[in-house]
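Asker: Shown below is the structure under consideration.
Values quoted throughout were computed directly from the atomic coordinates according to the rules given, and no laboratory measurement underlies them. Not measured: the values here are computed from a predicted model. Counting neighbours? That spans all protein chains shown, and the Cβs are built from the backbone with ideal geometry, glycine included.
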Amino acid sequence: MISCCGLHKTYGTNGASGPSILADVSLSLSRGEFACILGPSGCGKTTLLNLIAGFTHPTSGSLRFRDQEITGPGPERGVVFQEATLFPWLTVQKNVAFGLHQMGQPGKTCAEEALHHLALVGMADHARAYPHTLSGGMKQRVAIARVLALKPDVLLMDEPFSALDANTRERLQDELLKLWGRFGQTVVYVTHSVEEAAFLADRVIVMGPSPCNIRADKPISLPRPRTRYSPEMEAVVRDLRRELNALPCCIGPTRVDA
Ligand SMILES: Nc1ncnc2c1ncn2[C@@H]1O[C@H](COP(=O)(O)OP(=O)(O)OP(=O)(O)O)[C@@H](O)[C@H]1O
């Protein structure tokens, strides 16, 4: 579904090479796979996600979605950010319908589809509410409904639940897994939480700094549905923590000579 081969990313200015943000990252993701990306702050997790989303371009290397070079964002790759970026002047339903309108669907279909997807995330009763009246967890549900309404093949999620309290985070993780079980998207989920990665992922990709690239790629073979607190889960968490503890702290990108 997604393949990155020898990806390098630098942010240069005026033609000069800037710091090396990603160095030789290669990764293949299969259809329906749930991959978590784990790693210390600043090791390039969001940069990798943004490249797959098409928000930014690799300096070199190849990046493909279904064998086509990724040249920009597309509805087949939906993104959920850490903070729900809803339009404050639109109701919840209109926020979800917005992307469908943009894709040229008729108004009635957009409204119905929006309501249907709000129901999937338990927000249908709030369809007429405005974003400022919602809690953080509710806003994130709407953001997920908005992305799901576009029926993406890939869900790119950048620490989507990290700003929420522990109970809400766990509830939303459960709901995300139910939606994923139902629709089978490929999910790339960036997190700082070892426990979250162990609970959600089929596969955990550990990134490290200096140079920023992939250090480990660990299949998580725990059966689903998973129990958060079990000896098997604790063993996976310990193993992931060992991987992370072996990494140096990220002290910023490596400067590349111009
Ligand atoms: N637009 C940009 N211009 C220049 N440098 C950037 C840009 N975006 C990110 N960086 C740098 O790239 C490096 C990786 O950032 P990135 O956000 O991908 O890391 P991360 O692993 O997601 O970090 P965190 O876990 O803290 O969110 C950082 O050193 C950051 O300063």
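Asker: How much length would be gained if the chain were fully extended between T227 and H101, taking 0.36 nm per residue of separation minus their Cα-Cα distance, in nm to one decimal?
Answerer: Length gained, T227 through H101: 41.4 nm.
Asker: Shifting gears a bit: Based on alpha-carbon centroids, what's the gap between region 197-212 and region 1-46 in Å, whole number please?
Answerer: 12
Asker: Would you compute, from DSSP H runs of 4+ residues alone, the mean residue ellipticity of the chain at 222 nm, taking -39500 (n - 2.57) per run and dividing by the full residue count, rounded to the nearest 500?
Answerer: It lands at -10500 deg cm²/dmol.
Asker: What full-extension length gain, to one decimal in nm, is calculated for E69 and R171 as 0.36 nm per residue of separation minus the Cα-Cα distance?
Answerer: The E69-R171 span can extend by a further 33.1 nm.
Asker: For a Förster distance of 22 Å, can you work out the FRET efficiency between the beta-carbons of T13 and H57, rounded to the nearest 0.05?
Answerer: With R0 = 22 Å, the Cβ-Cβ based efficiency is 0.90.
Asker: Next question, about the same structure. Would you mind putting 184-192, 131-139, 76-84 in packing order, based on average other-beta-carbon counts within 10 Å, highest first?
Answerer: Ranking the peptides 184-192, 131-139, 76-84 by packing returns 184-192, 76-84, 131-139.
Asker: Just the C-alpha atoms of region 86-151: what Rg/Rh do they give, with Rh taken as the Kirkwood radius?
Answerer: So for region 86-151, dividing Rg by the Kirkwood Rh gives 0.93.
Asker: Compute the acute angle (0 to 90°) between the alpha-carbon long axis of helix 136-148 and the principal axis of greatest extent of the alpha-carbon atoms of the chain; round to the nearest 10°.
Answerer: For helix 136-148, the angle is close to 90 degrees.
Asker: So how strong a dipole does the chain carry about its Cα centre when Lys and Arg Cβ are +1 and Asp and Glu Cβ are -1, to the nearest 20 debye?
Answerer: 260
Asker: What is the list of residues in region 50-80 whose amide nitrogen lies under 15 Å from a point 7 angstrom out from the Cα of S3, following Cα to Cβ?
Answerer: Hits in region 50-80 for S3 at 15 Å: 61-70.
Asker: Here's a follow-up. So for region 113-247, taking the charge dipole from beta-carbon charges (+1 Lys/Arg, -1 Asp/Glu), which of N245, S230, N167 sits furthest toward the positive end?
Answerer: N167
Asker: Counting Lys and Arg as +1 and Asp and Glu as -1, each charge on the Cβ, what is the dipole of region 86-151 about the Cα centre in debye, to the nearest 20?
Answerer: Around 100 debye, computed over region 86-151.
Asker: To the nearest 10 degrees, how steeply does helix 107-120 sit against the main Cα axis of the chain, on a 0 to 90 scale?
Answerer: Tilt of helix 107-120: around 70 degrees.
Asker: Describe numerically, in nm with one decimal, the distance between label points set 7 Å from Cα along Cα→Cβ at S41 and at S162.
Answerer: The answer from the label model is 0.9 nm.
Asker: Next question. Would you look at the GNM of the chain, springs on alpha carbons closer than 10 Å, and say which of C36, C212, C110 moves the most?
Answerer: C110
Asker: Further, regarding this structure: With a Cα-only, solvent-free Debye model of the chain, what are the log10 I(q)/I(0) values at q = 0.07 Å⁻¹?
Answerer: So the normalised log intensities work out to -0.25.
Asker: Still on this structure: Quick one: K45, K108, K178, fewest Cβ neighbours within 10 Å first, how do they rank?
Answerer: Fewest to most other Cβ atoms nearby, the residues stand as K108, K178, K45.
Asker: Kindly express, to the nearest 10 degrees and within the range 0 to 90, the angle between helix 166-183's C-alpha long axis and the longest C-alpha principal axis of the chain.
Answerer: Once rounded, the angle reads 80 degrees.
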